[in-house]
Structures are given as C-alpha cells and as structure tokens.
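Just so it is clear, none of the values below were taken in a lab; they were calculated from the coordinates. Everything quoted here is computed from the prediction, not taken from an experiment. Here the Cβ is made from the backbone with ideal geometry for all residues, glycine too, and neighbour counts use every protein chain on show.
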Amino acid sequence: MIGEYSGFILAGLGGGAVVAALALGLVLTNRATGVINFAFGAMGMYVAFAYFQFRDNGDLILPLIFVPSRIHLLATPTLFTALLMAVLLSAVLGAATYWLVFRPLRRAPALASVVASLGLMLYLQEVVRLNFPTGSAATVVRMGVLPEQPVRFLGTAVTANRLLLVVFVVLATVALTALFRYTKFGLQTRAAAGSQKGAMLVGISPDRIGLINSMIATVIAGIAVILIEPISGLDPITTSLLVLPALAAALLGGLSSFTIATCAGLGIGMLQSLILGYTVRPSTSWIPDWVPRTGLQQAVPVILVLIALVWRGDALPDRAYLVDKRLPSSPTPRHVTLWTILLVGATSVALLGFDAAHRQALIVTMVSALLALSIVVITGYVGQISLAQLAFAGVAGFTVINVANDGLPFPVAALVATLVATVVGVVVALPAARVRGMSLAIATLAMAVALEQLVLSSKGFSGGVAGRSAPRPVLFGVDFGISARGADNFRPIFGFLVLGVLTVSCLMVANLRRNRTGLRWLAVRSNERAAAAAGINVGRSKIGAFAVSSCIAGLAGVLLAYSTSTLSTNSFMVIGALVALALTYLGGIASIGGALIAGLLAQAGLFTLLANGGTDGKAGTYVFAISGLGLIAMAIFAPDGITGAVRQGAQHLQKSLKMGGQPPQQTALAGAGAGSGPGAGAGPAEGKPDHE
Amino acid sequence: MSVPQANQTEDPILRCAGVVAGHDGLAVVNGLDLTVGAGEVVALLGANGVGKTTTLLTVSGLIPLLGGSVELQGRDLEVSRGKRIGSSKGSARSKQVLSRARLGIAHVPEDRALFFDLTVQENLRLGLKRKKDRKHESLASNRVPSKVEDGTNQAEQQLSSSEILDQVLGYFPALTGLLDQPAGLLSGGQQQMLAIGRGLMSQPKLLMVDELSLGLAPILVEQLLPVLRTFAQTTGAGVLIVEQHVHLALAVSDRAYLLRRGKATLSGSSAELSADPDLVEAGYFGE
C-alpha cells in the first residue's frame, strides 16, 4: 500500500525543498535582524526571472521603475556566468532590502514589518510584470540548471533535479547550523539577536551582522527558486506566495531552528503531493463531493501547522515579547456627532449627485471601509494581526446568498449570515488565546486558507468558479437592489443602505473604544502580562474583539454579496486579505478615520477612479508599484498612517498658531521629549526637574 | 592627536568638559565637568533624574553629545570620528558606540544588556576585543598611563584570550562553575557579575558601571564593589560608577561628584565627603 504512494511522496520533494529553502532564509533573517519578510518569495521570484533572462540573452534587468532597467552585459552567457550573476544579484538585493527596508524597522512592531514586506512584495511583482517580457512565454527560453532525467531512488523513479534540490537544501541547512554553532560570526549573530545594545557595547556591529545574513538568505532563496522552475514553474504571483508555507515551516522551527524549518518544509511539500495522489484515486470515494480536492491539498498542511502553533503557544507571552515597541497611536474618537453629521451629509449629497460610475466607486469605498473597520477593531485596537477578515466576509457573503435563495426574507437572511460570520470569527479566535504576534498572523492566515480552499471554493456553497447571485433585497415593499438599467444602475437607495450600515458600525465601534471595553483592548494590545495582572481576562477580551470584528466583516460580506451581480470566490483570495490589511495600515490602523481612508484607497474605490480619470488611465501602469513603495515608506516613516500624519500636522499647526512669534522648533523638541517611550536605559524620567 | 606629555600634566583616562546631553534633543546633563584619572574609582551621586545614567550613556556613545567634549586619554571621542556633534542618526550612533568600545570603554548599563540565550562562557568571549584592536593597543601601550610600578600592565596587553578569561574568573570565582549555563538562568547577582566580567574581558581603559546594586542583596553589593577597586588599582584603568547607595559608593571610591540639575554641584575626595554627610544631604535635597 505504502509503495503506491512513495512516488507521490518523492515527487513532493521538489516543492518541499523550495519551501524549506525559503523557510531557511526566513529563519536566518529573523535571527539576524528580528524581522519577518513576507516578500521573501517575491525576492527569490525576481532573482529567478533575472536569471532566466540573463541566461537566455545576457540582459540584466534591474528591479527599478522610471529609469532604464535593462543592461546588456554578456553576448553569450554560460551556465557559470549566469549562476554567478544570480548569486551577486541576490546578494545585492538582500543588502539593499536590508538597508532600505528592514534595518529601519528593526525595532518596529511585527505589524510594521508585515506591511513593509507586503509593500516590497507588491513592488517586486509589479516590477517583474512591467520590466520582464511576460505573456507570450516564448520570448525567453528558460534553460534549467539541473539534469531532469529520472533516476531510481528507494525503488521509485524520481527526476534527478528533485533529489539534487533536496541535496542543496540539506547542505545549506548543515552549513547554516555549523555557521551559527561553531563560528565567531554565528556567535555574534546570536548575541546581536539577544541584545542589540549589549552587542554594540562589546563592539559588534548589528548592521554588519544583519547585512551579511540577509545577503546569505537572499542567495539561498534566489538559487532555490531558480532550481525549482522546471518542476513548479515561475510566476510573479504564485511563486511569491510560496512564502506562506515557508513561513509555516519556519514558525514550526520557532523561527530559530534551521533543522526543524527544513524538515517541516520538506514535510509540507511531500504531504501536499501525497494528498494530491490520494485524492485523485477513484477509490477514495469517502471524501464527500463538496470538498474541493485541490483545496484539501492546500489546506491540510496549513491546518497541521495551525495545530502545531496552538500546541506550542501559551496563554500569556514570555518575557521576550515585552520588548519596548512603539504601537500605532489610537486616539479616543472625538467630535463624533460633528463628524457623523458632516460625513453622512456629504455622502448623501454625493449619492444623489454622482453619476453611475462614481456612485459605484462610492459604494465600493463604503463596503471596503466596513471591512477595514473590522481590521481596525482587531488589529488596531487589540493588536491581533488577523488575516482572516476577508474570509469572514466571504463566509457571510455566500451564506446570505444561500439562505436568501432558500426563501429567507432580506433583513433576516443578512442577520443570519452576519451571525454565521461572527461564530466563525469566534472559532478562529480560539487559537488567538494562545498565539500572538507573527504566529497569530500566520495562524489566521492558515484559517483563511482553510476557509478559502475548503468552504469558499466548495461548489455546493459558493457555486465554484461560476459564482452565485443574491436576490434583490426588499424590505416592506421597498426595493433596495443595486442594479437598474443604464444610467440608473448602482441605485442611490442601495448606497443609503450601505451608508446606514457603515454609520451604525462606526458609531458602535467609537462607543466601544470610548468605554471600558476599549480600554481593556488597548491594555491587552500594549502588554498582555500587565493586562492580566490588572485583572483583565486577556483571552476573553481577544475573543470578544474577534466577535465584534468578524461581525463587521460579515456585514461587509453581506453588502458585497448584494452589490455584485455574481459573487465569486475570487473576491476572497488570500492576497486580497493581505492588501486589505496593508491599505488599512496606510489609512491608519488604529482609528476609525483610518478605516474610512482605507475605503477611499481600495481598488475600484473613489480614489482609483479619480486618479485614473485625472491621468487618462496612465497612472494605472505604475499605480501598484508606487503603492508598494508607498507602503514601505509609510511603515518606516509614518506608522500611524495617513490619519496619524494629518493629526500630527494639525497639532503642529495649532501649536505654532498659539505660540505666535516663538520659534516652532522648541515646541517640536518638547513634544518629542514628552512623547518618547522609555529610551535607551535612562528614559525620559531623567528629563524632569528634581524635587525641591 | 595629542602628543605624549610629561607625567605631571598627563591626560586623565576620561575628561568630560561642559558636556550637554539628553534624550531627543532635550538637555538633561547641562555643562558637566568630570575627570576620571588612571587607577581611580569615581562615583557619580545624585537624586533620581539628575542625569547620572545619561552621562554614562553619552560617554559610551549610546546617546548623542549635544555640546561640550568627551575625551579618552586626551583623544576627543566625538570629533575624531568625523561625525558632526549631536548626530543621532542610527548608523552614525552605532559607529560611535562601536569605535568607543574598541578604543577601550566598557559600559555595564543598568539593564546589563546580557545575551540571555548564550552561555556564560559565550557572553564572556564576546567581551573580548578583536585581535587587531588588541594588537593596536599593545603597540600604543607606552601611552597607557599606569600606576603600576612593576610594569605588569605591558605584559597584560598581550595575554591570550584564555588567560584573560582566567583573570576575569579570578575576579568572579562564582562564575567558574556556571560557564555552560545560559545567562538567562543566572540569578540577579550572578548576572551582574557576568555583565561586569564581560566588560572586564575587553581589558578596558575605562569601566563604567550603572547602578551595580540595583535589585541585589546588600551583602552581595559589598562583595562586588571592592572588585572594581581592585581592578582599577591593579590595571591602572579608570572606573566610573553610578550608585544610589551613597555610603557604599563613598566607601569604595576615591572621589565623587554630586550631580544636581545636570551639573556637578559638589565634588571632592570620598573621604572628605563621607566625613561631612550634611554637605551631601544638602546636595541631594537643595539648600
């Protein structure tokens, strides 16, 4: 019996090896710089694209926009020169990303590095799309590196490149382990990871350590992706997302063990291949029809990782989590009535005055703002990075379609769907009681993948690729449906329905933030141990916040279902969840205003419509590449997002107006002094005058 | 660069002149003058928030100097690196700290900044200077002022790393049995020994210890403080300590400075100061 599957297991070695190689790089960069790089797969992807281009015609294509990026280096590149170029290029890429992106974020919270690396991933994907010949694949002949003929291994035929790839990864693992255990450089890296200040005081340069390690890591990633191309292919998006299983493998190794990360990576690859082999057999009829077979292949490994994470987790963080890290500021909502009147008034006028295209964009904006609001609650207020919000919306969206088609009247169907999303949210929240930070981000991502692959892709639930349509919402004989003929499409009355839901949700969140619940949430966010010591039930606070947030996400999903002619699974892909988180961060993750700005910035929202209109669509070419760079810049320079920047600007203005003739510089210094956290050892307490 | 001078006017190990320093551009230390001579233990005293810790952080380069000068054996630390005064940019800052550590300043901060995941031995090994810095130092060692008569100072510069380790374990015998323990598992007192020991591994010219007694039993403090004195006397290095326990500090130091509002309002030999407790008290609480 086992022999039947050994072919599948061995075939999975290739995919497993690339996951393992990326996991190795993630562990290495985390140990050296304390940063987790979501863009790691994208970096390897770019290097591989550059390699195949160079191998084909000697052109080196740089990851730059707006400047000529193609350099003709060699007339007749050889395997050796091409590999050398790839190694050098990945080393430079590793050094550049460290210096420009991750070094400034060394002491930032996990969320900032998630957002910055998402920006980097978006940028690299766009650069590859813009600079490399894609589409008609024949333009570049991708010459593989390793021999592909089959060999016999353990009595089963397997292609040589798979085995050699495994050899490469195992060698890299052994080399890294030895480097860390036996060399002075390894000792220094471990020291710098333990205490940056201590390292500097004994004369170790953390910058040098971080730079060298991220160069090594990127070289490993680049080579692995080059080697995997003949087995798994190469594509800007799919290859970039290989980072997700790699992160899972790295997390299993506690982000510090090379050996466990490699074994977990290989294991994930083989398990996926085995599931594929098992599910395609006709005899496995016990799996019900509604379970998507490919989904099973994607979901089972991440679920196993999730279980392992929860099992390893603890109800309260250990001391290592109590590093002083600046969180985005979360001001108490003020002038709520005034803002409500202003915004609702302006939106109402807009709904009545806009043409159909702008009405559509406005509705998209409001629905996106609702989704962003759910992220503000869970990630901004309680500090739990959740990447499952879009999946909750998807669950609610398809539920409302299904129950409404079964005959439930409009408001009841919507409420039922929201309730379902809330319940799912609470279930997803259960692991959050035991894992936190980056591990929670991955745990919720695993849940999102599981929901997407097993539930949202299920034909019986969502209609599969074709999607499903909701009936028109009618209440007391009033038709709230969105669609109408011609210029009347995207009817204002549906817009008012969305506006109503958004307004009520925002007011509810503002209220929660202002009463004791909000204080408890902020306490949990800033220090779980201290919150527990102050008598706050940390687990219950988190689960409560997840319930509120998934309820809001559910509402967004319901409105999304009613606002599109057919709802399809594509609206709820994992990449969309990442983008939603990034946009909310951009708007300002810890304030309601930030959610509204995130809505404006959302794809097909008002901002993109206006930007495209102003530049005759030319902005569209570079919009993703630029927003990628924008995300990186925001994460580094303005962790409070756009709302935070506006707020600071307003405060500055107010102060300098009050100060009159006085030089504004002094107020800036005073403000900075008062606002800084406990600095390097001494803290601002030293600044206070002593007692008289 | 200063020229070697006659013994009479020889540069002290550390000289702070008119130092202005603080956090985020806000001056806490404001015009501090202070010297630490060779083989001398100097105590910084004062109430909470007068800038004692800030002074140490500024000397080791962890926070920028806003004004005045800091010299190690007559060498201006800030300007010699060609960085403008007050530069707080991360990379420039880190370069300042590194160059000062390599020049011979060992700083044991309040939080001790140990590497908890590493063993005691690894922590100590990391304290060792790079070989090229050690070599450089022994070439320049004729400039190292020394109170030691028999010339052991010169020999010390060329000790092998294991000899240096033995020497440090000689100061703190309690660490000998713990060499393979992770630093995070040590008790508070053992951690303090390790932190000072790591500083001593670099054979510093200036050792600065911030709040040695923080969180330690008084009996342990009474054992640890004399080690600093022995170190200063046998190697001719300077030692600068920040201490809340005035009596302990005065008992172990040669001289002391009393800080108030970022300035030294009182200074003198420790013997004089201990003889006049009222004066010290007045310095703490105002007139």
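Within a 10 angstrom radius of the beta carbon, how do B:THR53, A:THR608, A:THR262 rank from fewest other beta carbons to most?
The order, fewest Cβ neighbours first, is A:THR608, B:THR53, A:THR262.
Tally the DSSP beta bridges in the protein assembly as shown and give the antiparallel ones as a percent, rounded to 5.
Counting DSSP beta bridges with both partners in the protein assembly as shown, the antiparallel share is about 65 percent.
For the pair A:THR156/A:SER565, report the inter-label distance in nm, with labels modelled 7 Å from Cα in the Cβ direction.
If labels sit at A:THR156 and A:SER565, their model points lie 4.8 nm apart.
Each residue of the range A:515-529 in turn: what ³J(HN,Hα) in whole Hz from Karplus with 6.51, -1.76, 1.60 and θ = phi - 60°, glycine and Pro shown as x?
My calculation for the range A:515-529 gives 9, 4, 4, x, 5, 4, 4, 5, 5, 4, 4, 7, 6, 5, 5 Hz in order.
If we sort B:274-280, A:577-583 on the protection proxy, mean other Cβ atoms within 10 Å, highest first, what's the order?
Listed from highest to lowest mean packing, they are A:577-583, B:274-280.
Could the peptides A:382-393, A:177-188 be put in order, highest first, of the mean number of other beta-carbon atoms found within 10 Å of their residues?
A:382-393, A:177-188
Strictly greater than 23 Å: what percent of every Cα pair in the range A:2-286 meets that?
The calculated P(r) of the range A:2-286 puts 54 percent of pairs beyond 23 Å.
Which length gain, in nm to one decimal place, applies between B:LEU214 and B:GLN181 when the Cα-Cα distance is subtracted from 0.36 nm times their residue separation?
9.6 nm
Give the residue from A:ALA421, B:LEU57, A:PHE40 lying farthest towards the positive end of the charge dipole for the protein assembly as shown; charges sit on Cβ (+1 for Lys and Arg, -1 for Asp and Glu) and the dipole is referred to the Cα centre.
Farthest towards the positive pole: A:ALA421.
If amide H atoms are built 1.01 Å from N in the plane of the peptide, which residues on other chains or at least 5 residues away come under 5 Å of the amide H of B:HIS23?
B:VAL28
Considering amide H positions built from the backbone, and no H for Pro or chain starts, which residues 5 or more places from B:ARG261, or on another chain, come under 5 Å of its amide H?
Under 5 Å from the amide H of B:ARG261 lie the amide H atoms of A:ASP690, each far enough along the sequence or on another chain.
Suppose R0 equals 22 Å. What FRET efficiency, 1/(1 + (r/R0)^6) with r the Cβ-Cβ distance, do B:LEU159 and B:THR234 give to the nearest 0.05?
The value I calculate is 0.95.
Could you give each residue of the range B:176-191 its phi-based ³J(HN,Hα) in whole Hz, using Karplus coefficients 6.51, -1.76, 1.60 with θ = phi - 60°, and x for Gly or Pro?
4, x, 10, 4, 9, 7, x, 4, x, 8, 6, 6, x, x, 5, 5
Quick check: the distance between the Cα centres of the range B:21-79 and the range A:353-413, to the nearest angstrom?
Cα centroid of the range B:21-79 versus Cα centroid of the range A:353-413: 57 Å apart.
Determine the shape class of the range B:212-284: with a ≥ b ≥ c the square roots of the Cα gyration tensor eigenvalues, call it rounded for a/c under 1.5, and otherwise prolate if a/b is greater than b/c, oblate otherwise.
prolate
Would you order B:GLU40, B:GLU163 from fewest to most other beta-carbon atoms within 10 Å of each residue's own beta-carbon?
By the 10 Å Cβ count, ascending, the order reads B:GLU163, B:GLU40.
Once you have the Cα-Cα distance between A:LYS459 and A:LEU171, take 0.36 nm times their residue separation minus that, and quote the gain in nm to one decimal.
Separation in residues times 0.36 nm, less the Cα-Cα distance, equals 99.3 nm.
At 37 °C and 0.692 mPa s, grab the translational diffusion coefficient of the range A:343-573 from Stokes-Einstein with a Kirkwood Rh over Cα pairs, rounded to a whole number in µm² per second.
D, rounded to a whole number, is 181 µm²/s.
Between A:ASN537 and B:THR265, how many nm apart are label points set 7 Å from Cα along the C-beta direction?
According to this spin-label approximation, the distance is 5.3 nm.
Give or take rounding to whole Å, what are the principal axis extents of the alpha carbon atoms in chain A, in descending order?
Ordered largest first, chain A gives principal extents of 78, 71, 54 Å.
For B:ILE63, enumerate residues with amide H under 5 Å from its amide H, sequence gap 5+ or separate chain, H modeled in the peptide plane.
HN-HN under 5 Å from B:ILE63: B:THR58.
Divide by every residue of the protein assembly as shown the summed helix terms, -39500 (n - 2.57) for each DSSP H run of at least 4, and state the resulting mean residue ellipticity at 222 nm, rounded to the nearest 500 deg cm²/dmol.
Per the formula, -19000 deg cm²/dmol.
Put +1 on the Cβ of every Lys and Arg and -1 on every Asp and Glu Cβ in the range B:153-248; which of B:LEU206, B:GLN192, B:THR176 then has its Cα farthest towards the positive end of the dipole?
Farthest towards the positive pole: B:LEU206.
For A:PHE476 and A:LEU430, what does the FRET efficiency come to when R0 = 45 Å and r is the distance between their Cβ atoms, rounded to the nearest 0.05?
The pair A:PHE476/A:LEU430 has a calculated efficiency of 0.70.
In the range A:442-480, which residues have a backbone nitrogen under 17 Å from the label point lying 7 Å from A:VAL412's Cα in the Cα-to-Cβ direction?
Backbone N within reach: A:471-478.
I want to check the label-to-label distance for A:ASN511 and B:ALA17. Put each point 7 Å from Cα in the C-beta direction and report it in nm to one decimal.
Between A:ASN511 and B:ALA17, the simple spin-label model gives 6.9 nm.
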